[in-house]
Amino acid sequence: MILLGLDASTPKGSVALLKDEQIIAEAAGSSTFSDQILVLMDEVLGNLNGGLEEVDGFCVTTGPGAFTGLRVGISLIKGLVLATEKPFWGVNTLEAYANLVKPVSQTICPILDAKKKEVYTARFKYKNNKLVKETPDQAVSPQELCDMTQEPTVFLGGGVEPYKDFLTSKLGNKFIENAPVKNQTIAASAVQIVLNQSQANPGFNLDALTIHYVRKSEAEINNNILNQEVVKHGY
């Protein structure tokens, strides 16, 4: 099984290639990942003699994360699926982050910067060496995140740095940052999640490949406000 993985939900983004249960190539972008995505994909696919034709399926992170990046990533995977008629798998972005942490006894809490002074987060825990999701994804303030944290917890993700001082001051020894992690990209982590699930439930219907926003986009919010004004004034 050869799988091509893509993460465009985080600012830097990444592409990874799995072959024979091993990550054989991966590449990460910069803050302008959307402009580099095809170049990085070509770079990774260069490790296959037949390029894209050898790929058996595609894996993509579906959010939560950056709205623009998610749309770019999902659209690209949909295009590849249409062109190759190969299956796809969607992987939750927070789960891909949590999967970077090697088995530990503590709760794992990936956090991503959701802007507007909020973070996207969910809680995970290893049970019998299997990563289990214990809460749904949500967008919360850093204070709400601290209120939810009742035990020593491993924090990781792009939302740590902007709020690190606040979190450490509020949580004290309940804030754990230096946990053992795998040296790999989010795209590689997502592909390995698919592998660990024994390629369960591959997708073929592109209508099922949707973005997990958690919170409405700015455009949706503005559109709802406009609709409310129209109804209010009877336009």
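Every read-out reported here was derived from the displayed coordinates using simple, explicitly stated rules and does not represent laboratory data. As the structure is a prediction and not an experimental result, all values here were calculated from the model. Methodologically, a virtual Cβ is constructed for each residue, glycine included, from the backbone with ideal geometry; neighbour enumeration extends over all protein chains shown.
Panel order for LYS78, LYS164, by other beta carbons found within 10 Å of each beta carbon, from fewest to most: LYS164, LYS78.
Using the Cβ-Cβ distance between LEU171 and THR68 with R0 = 22 Å, the FRET efficiency computed as 1/(1 + (r/R0)^6) comes to roughly 0.10. Cβ-to-Cβ counts within 10 Å put ILE176, ILE111 in ascending order as ILE176, ILE111, the fewest first. Annotation note: GluC sites (Glu not before Pro) in region 15-90 located in DSSP loop regions with a Cβ neighbour count of at most 15 within 10 Å are GLU21, GLU85. Rounded to the nearest 5, the antiparallel percentage of DSSP beta bridges internal to the chain is 65%. Each of LYS130, LYS115 has some number of other Cβ atoms within 10 Å of its Cβ, and from fewest to most they run LYS130, LYS115. Listed by chain and number, the aspartates and glutamates whose alpha-carbon sits under 17 Å from that of LYS130, ignoring those within fewer than 8 places in the same chain, are GLU95. Extending 7 Å from the Cα toward the beta-carbon at both GLN106 and GLU144 defines two label points whose distance is 2.4 nm.
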